[in-house]
Amino acid sequence: MAGIRTTNTREDREAVVDLSERQAQITELLRKDGFLSVEALSARFSVSTQTIRRDLNTLCDHGLARRRHGGIEKPAETGNIAYQSRKILAQRAKRAIAREVARHVPDNVSVAFSIGTTPAVVAGALMRHDGLRIFTNNLHIALLACANPTFKVHVAGGAVRNSDCDVLGPGLASFLSSYLFEFGIYGVAGVDEDGTLLDFHEDEVRARQLIHANSRTTFLVLDDTKFGRVAHVRGGRIDQATRIFCNARPPKRIMSLIDASDAELVVCNEAMR
C-alpha cells in the first residue's frame, strides 16, 4: 500500500517514517472515537491482532496515540503535533472542503493563505485556476502555487519556522497589511464551545487575524475534529468569517452562533470524489 509520511514528534529533529494507509485510517478513527480496542480494529480491518498491535505501536511511537489496556487512546494535547503528522488526519474531509472552496474562488483574483494543512489542501485544489495572485507565509503553499505558470506568488519575508515551513514574526504584519485581498483563506487549531477560535502560538493568531482584517471575503476552512479541540491562544470567532467550510455541521451551540450572524456555513460532502 502507498505510504504516508509522518514525523516523530518526540524528537527535536524530524525523523521521517512511513505510515500505511491502514495506520492512517486508524489515526482518523481515533481522533473521532477517543479510544480504539485491538479486537475491534482486528475485526474492522480483517487482520490479525498481532498486525494491529504492530500498527498501534507505530502510532504510539510517533506521538499519534497513547497506549491503554486493550488498545489505544488519543494522546494528551499539550501542543500541536508536527505538520507532517497533521497531514494524514481527516484527509477525506480536507479534500471535500478543498473541492468546495475551489468552486467559490474565481480566476484572476488575489488570495491570501494562512499556515496549516487544510489551507494547503485548498491551495492544491486551486491549481487548475488561472491568473491567481497568491499571498502566503507558508512555504509549502508558495512552492505548490509556483507550479502554475499563470499564478503570481508573493511570500512573506523573515525567519522560517522549520517544523511547519512558515514565516512568522514582526515582518509579517507589514507584508499582510500592504494589500487588500479579494479572498482570505485560513484554518484554525481548534474552536471553543463559545465559538472562539484557538491556536497554539500568538504569532499564528496574529497572522490569521491579519488575513481576516485585510480580505474582502474570508473563508474559514476546518474539519469537524477542530470543535472542542484544546489550544490555549484565543483570537477571533467562528461567526466572523464570510463563509465557514466544514465537512459536518458544528455542535448545536456553535451552530446557533452561526445562524445568528451574517456568516454562511457550507457543509462539504466527503462522499463526493
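With both partners inside the range 90-267, how many of the DSSP beta bridges are antiparallel, as a percent to the nearest 5?
25
In a shell of Cβ-Cβ distance under 15 Å around G171, excluding G171 itself, what net charge do Lys and Arg (+1) and Asp and Glu (-1) give?
Charge balance in the 15 Å sphere: 0.
Among C146, T136, A213, whose Cα sits farthest toward the positive end of the charge dipole of the range 83-219 (+1 at Cβ of Lys/Arg, -1 at Cβ of Asp/Glu, about the Cα centre)?
So the residue furthest toward the plus end is C146.
Please name whichever of Y186, S48, M127 sits farthest to the positive end of the charge dipole of the chain, dipole taken about the Cα centre and charges placed at Cβ: Lys and Arg +1, Asp and Glu -1.
S48
How high is the relative contact order of the chain, in percent, with contacts defined as C-alpha pairs under 8 Å that are six or more residues apart?
14
Please work out the FRET efficiency for the pair A102 and H69, using the Cβ-Cβ distance as r and a Förster radius of 41 Å; give the result to the nearest 0.05.
0.35
Can you give me the long-range amide H partners of N247? Hydrogens built in the peptide plane at 1.01 Å from N, cutoff under 5 Å, separation of 5 or more residues or another chain.
The answer is D224, C268.
Mind checking which aspartates and glutamates have their C-alpha under 18 Å from K252, skipping anything on the same chain fewer than 8 residues away?
Hits, sequence-local ones excluded: D192, E193, D194, D223, D224, D239, D262, E264.
Convert each backbone phi in the range 201-217 into a coupling constant with the Karplus relation 6.51 cos²θ - 1.76 cosθ + 1.60 (shift: θ = phi - 60°), then list the ³J(HN,Hα) values in order as whole Hz, x for Gly and Pro.
9, 4, 5, 5, 5, 4, 4, 4, 5, 5, 4, 4, 5, 10, 10, 5, 10
If the reach is capped at under 21 angstrom between alpha carbons, list the lysines near K94, excluding any in the same chain fewer than eight residues apart.
K32, K74, K226
Rg over Rh of the chain, using C-alpha atoms and the Kirkwood radius, what does it come to?
Rg/Rh for the chain comes to 0.97.
Helix-only mean residue ellipticity at 222 nm, the chain, DSSP H runs n ≥ 4 weighted -39,500 (n - 2.57), per residue, nearest 500. What is it?
Value at 222 nm, helices only: -10000 deg cm²/dmol.
Compute, for the chain, the length of the dipole vector about the Cα centre, with Cβ point charges of +1 (Lys, Arg) and -1 (Asp, Glu) only. Units Debye, rounded to 20.
The dipole of the chain has a size of about 500 debye.
FYI, it's all coordinate maths here, none of it is from the lab. In this text the structure is predicted, and so the values were computed from the model without any measurement. Virtual Cβ from ideal backbone geometry, glycine too; neighbours counted across all protein chains shown.
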